[in-house]
Structures are given as C-alpha cells and as structure tokens.
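Enquirer: There's a structure below that I have some questions on.
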C-alpha cells in the first residue's frame with residue numbers, strides 16, 4: 001500500500017469549492033428541467049440488464065432502497081439505466097455530497113482502460129496538492145450510468161475536470177477531502 005503525506009488537508013467542503021470554481025453543478029435534491037441526450041438503448045439489452053439487476057441486491061433493505069433511489073435520480077438527469085454497485089461503500093457520500101457536472105471538454109489524461117479508480121489514484125499521487133479526486137457515476141453515450149472515478153487538475157484559478165478512460169456525457173459524484181483521497185489511493189493502488 002502507498003502512504004501519502006498530507007498535502008493541504010482540504011475538508012470535503014473546501015475540496016468541492018475548489019473543484020467547482022466556475023463550473024455549474026446540480027445536487028440530487030435540486031430541481032432541473034433538462035434531460036441529457038444519449039443514444040437509445042436496444043430493448044433486448046435493457047431486458048437482459050433488468051433481469052440481471054433484479055438479482056443484484058444490496059446487503060440490507062435500507063441499502064437496496066438507497067441504490068434504487070440513486071438509480072432513479074441519475075436517470076432523471078438523463079440516460080436509461082444506472083448500474084449501481086450492490087456494495088457501494090460510498091453510497092451515502094454520493095447521495096449527500098454528489099453534484100452533477102457536464103462532461104463537455106474534459107482534460108484527457110489517458111490511463112488504463114476500465115481502471116479509472118487506479119488511474120486517478122496515480123494522478124493524485126504524482127501531483128500532490130494539485131489534483132482532487134472524485135468518485136460516483138458517469139453517464140456514457142449508450143445511456144448507462146456506471147460507477148466511475150475522475151479528478152480535477154488545479155491550474156492557476158481553475159479546476160479542470162480530468163478523464164482517464166473515455167469521455168462521458170456527465171458525471172455525478174462527490175469530491176474527496178485529502179483524507180478520503182489518501183484512503184482511496186491506498187485501496188486502489
């Protein structure tokens with residue numbers, strides 16, 4: 001495991017404030033009058049996904065209810081389905097602190113395919129004090145919200161959203177405090 005020395009010890013609130021400089025965002029409980037456009041899903045694929053999803057249950061009824069609430073909220077923003085992990089350890093933080101961000105014009109810093117958690121962990125580790133971590137769900141062009149992690153490069157007075165795999169339509173998640181980010185890096189590298 002990698003141990004990182006504390007950088008600036010940003011609180012969750014301070015991390016969010018820095019990441020959202022000049023960037024509009026929406027919380028789960030805020031009203032909105034838009035739907036993010038995606039490519040319509042194949043009905044047969046939806047049927048297979050729904051059948052598989054019915055067998056993916058959270059460890060408790062309360063957690064399952066939260067999973068379903070998050071999936072419903074995400075698809076209200078756009079997309080047709082949300083693949084919420086049954087054992088989503090960050091579910092409460094995502095629902096409480098999550099913000100919707102447009103995926104337009106991210107800074108692409110390619111990492112390994114399908115390894116977003118490790119990719120952003122490496123960037124955080126190599127850019128102490130100049131990189132923030134976010135985790136949650138991202139909307140792909142196929143209309144599916146998937147578990148995802150991304151970051152923010154702190155440059156001068158801005159925070160540029162950083163994508164390490166493929167561009168997404170939108171992101172919904174929370175910005176980690178330094179302590180949360182160090183734990184995330186330890187778990188993913």
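Enquirer: Nearest 10 degrees is fine. How inclined is helix 116-126 to the longest principal axis of the chain, computing both from alpha carbons?
Expert: Helix 116-126 and the main axis of the chain meet at about 10 degrees.
Enquirer: For 121, 177, what's the fewest-to-most ordering of other Cβ within 10 Å of each Cβ?
Expert: Working: 121 26, 177 19.
Lowest to highest Cβ neighbour count: 177, 121.
Enquirer: If you don't mind, another one. In whole Å, how far is the Cα centre of region 68-113 from that of region 120-189?
Expert: 11
Enquirer: By its C-alpha gyration tensor, with a ≥ b ≥ c as the square roots of the eigenvalues, how is the chain shaped: rounded for a/c under 1.5, else prolate for a/b larger than b/c, else oblate? Working shown, then result.
Expert: Working: a/c = 1.68, a/b = 1.48, b/c = 1.14.
Prolate is the answer for the chain, as a/c is 1.5 or above and a/b outweighs b/c.
Enquirer: Measuring from label point to label point, each 7 Å out along Cα→Cβ, what is the residue 69 to residue 57 span in nm?
Expert: The modelled label-to-label distance comes out at 2.0 nm.
Enquirer: Shifting gears a bit: How much FRET efficiency would the formula 1/(1 + (r/R0)^6) give for residue 92 and residue 157, where r is the Cβ-Cβ distance and R0 is 45 Å, rounded to 0.05?
Expert: Working: r = 32 Å, r/R0 = 0.71.
Efficiency, rounded to the nearest 0.05: 0.90.
Enquirer: Order these by the 10 Å Cβ neighbour count, fewest first: 153, 116. Don't skip to the end; give the middle numbers.
Expert: Details: 153 17, 116 23.
The fewest-first ordering by Cβ neighbours comes to 153, 116.
Enquirer: Follow-up question, since we're still on this one. Hey, with R₀ at 25 Å, roughly what FRET efficiency would residue 179 and residue 126 work out to, going by the Cβ-Cβ distance, to 0.05? Let's see the in-between values first.
Expert: On the way: r = 19 Å, r/R0 = 0.76.
That pair, residue 179 with residue 126, gives E of 0.85.
Enquirer: A further question follows. Tell me whether region 24-118 comes out rounded, prolate or oblate; compute the Cα gyration tensor, take square roots of the eigenvalues as a ≥ b ≥ c, and use a/c under 1.5 as the rounded threshold. The partial results should precede the final answer.
Expert: Values: a/c = 1.26, a/b = 1.19, b/c = 1.06.
Since a/c stays below 1.5, the shape of region 24-118 is classed as rounded.
Enquirer: What is the angle, in °, between the Cα long axis of helix 43-55 and the longest principal axis of the Cα atoms in the chain? Nearest 10 is fine, range 0 to 90.
Expert: It is inclined by approximately 70 degrees.
Enquirer: Please find, in a Gaussian network model of the chain (springs between Cα atoms separated by less than 10 Å), the residue of 144, 109, 95 whose mean-square fluctuation is greatest.
Expert: Between 144, 109, 95, it is 109 that shows the largest mean-square fluctuation.
Enquirer: Treat the count of other C-beta atoms within 10 Å as a stand-in for reagent exposure and order 25, 140 from fewest to most.
Expert: Values: 25 15, 140 18.
Fewest to most other Cβ atoms nearby, the residues stand as 25, 140.
Enquirer: Here's a follow-up. In whole percent, what relative contact order does the chain give with Cα contacts below 8 Å and a gap of six or more residues? Kindly include the intermediate steps, with their values, before the conclusion.
Expert: On the way: 339 pairs, mean separation 62.1, N = 189.
Over the chain, the number comes to 33 percent.
Enquirer: Students often check this: by mean Cβ neighbours within 10 Å, which of 29-37, 69-77 ranks highest, and how do the rest follow? Before the final figure, lay out the partial values.
Expert: Working: 29-37: 9.4, 69-77: 17.4.
In decreasing order of mean packing, 29-37, 69-77 become 69-77, 29-37.
Enquirer: Now for a separate question. To the nearest 10 degrees, how steep is helix 61-77 against the longest Cα principal axis of the chain, on a 0 to 90 scale?
Expert: 90
Enquirer: Right, another one. Along the Cα-to-C-beta direction of residue 109, a point sits 7 Å from the Cα; which residues of region 146-175 have their amide N less than 13 Å from that point?
Expert: Residues 150-156, 159-165 qualify, since their backbone N sits under 13 Å from the label point.
Bear in mind these aren't lab numbers, they're just calculated from the coordinates by the rules spelled out. All values derive from a computational prediction rather than experimental measurement. Cβ sites come from the backbone with ideal geometry, for glycine too, and all protein chains shown count toward neighbours.
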